Amino acid sequence: MNTLKVGLLMGALSILLVMMGGAIGGNGGAVIFFLIAMAMNFFGYFYSDKLAIKMTGSYPVSEEEAPELYAMIRRLSQRAGLPMPRIYIQPSPQPNAFATGRNPSHSAVAVTEGLLRLLSPAELEGVMAHELAHIKNRDVLVGTIAAALAGAISMMANVLQWGAIFGMGRNDDEEGGSMAGGLIMAIIAPIIAMIIQMSISRSREYMADTTGAQIAGSPDGLSNALLKLESAAHRVPMAVNPAASHLFIINPLSGASFAKLFSTHPPIQERVERLRKVRV
């Protein structure tokens, strides 16, 4: 099922990129953006973990530097039947975490500095179990490819907007881009990309919550952590590309009203209520 999701995701977002290329440069632009989309899909598949780490500015941490974190993740990985992932820390005061990688053998988990400061050991274990659940369910590849392609779409939307301002495109040349078409694509393409991200991210979070509770042996740590993280996200901002927001355990942009409107995550209270019904 996740293989199908990856294929559909690559196809849908690639089509958006090709349409934006056509708006910028007509048929020639569409061909160029098709090639760009194919290259991004290739690198997104084989280097998805590196893309996510780079997009979030995370850095590797050794076992000597974080022995307790390593011991916890190693214990949870053994329970889940997973190989030990690489561990990174994101230099952000907002408490949050994410997992990435195309499969369990090429996986990584990252936690923010704020997460390590805020949570109790039981709550941190619940969050780490949730991230390992993403790896176990093999859905981290979907999220990372979505982040990479959605980021490219947002970047191209900015190019279209500036191009329209400076008179890009020629309406009298059917092979060239249209200014009106460029403006329309600049507005709707990022919204469509976000809707696609939302459609795949919400179901992933519910499933990872349930699987994470089973890995941890209790839903309590994760449910308590989610409530703390939601409260902190409203107070502590995170400087992160919106295209990568769906990778995190909670929406890192939840303090912004626009981000709430197009949230890639289900409501925290609903997640907590579902977790409290989980039997392990």
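The values are calculated or read from the model by the stated rules, or taken from the named source; none is laboratory data. Treat the numbers as computed from the prediction; the structure is a model and nothing was measured. Cβ: placed from backbone, ideal geometry, glycine included. Neighbour counts: every protein chain shown.
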Residue count, segment 49-102 (criterion: at pLDDT below 95 and basic (Lys, Arg)): 3
Hits in segment 109-145 (condition: surrounded by 23 or more Cβ atoms within 10 Å (Cβ to Cβ) and small (Gly, Ala, Ser)): Ala110, Gly126, Ala129, Ala133, Gly143
Unmet criterion (only one of (1) within 16 Å of Phe98 (Cβ to Cβ); (2) over 19 Å from the mean Cα position of the chain (by Cα); (3) modelled with pLDDT under 65) for Thr264: (2)
Residue in segment 225-237 that is under 20 Å from the mean Cα position of the chain (by Cα) and either assigned to a loop (DSSP other than H, G, I, E, B) or without any contact (Cβ under 8 Å) to a residue 12 or more places away in the chain (or both) present: yes
Selected residue [of a type outside the set (A, V, I, L, M), surrounded by 17 or more Cβ atoms within 10 Å (Cβ to Cβ) and modelled with pLDDT under 90] from Asn224, Asn251: Asn251
Selection status of Leu82, of a type in the set (A, V, I, L, M) and under 21 Å from His265 (Cβ atoms): no
Tally, over segment 98-108, of residues that are crowded, with 24+ Cβ neighbours inside 10 Å and either in contact with a Phe, Trp or Tyr (Cβ under 8 Å, 6 or more places away or on another chain) or of a type in the set (S, T, N, Q) (or both): 3
Number of the exception - Ala71 against (1) over 19 Å from the mean Cα position of the chain (by Cα); (2) surrounded by 15 or more Cβ atoms within 10 Å (Cβ to Cβ): (2)
Residues (over 17 Å from Asn251 (Cα atoms), assigned to a helix (DSSP H, G or I) and free of Cβ contacts under 8 Å to residues at least 60 places away in the same chain) located in segment 91-139: Pro104, Ser105, His106, Leu116, Arg117, Pro121, Ile135
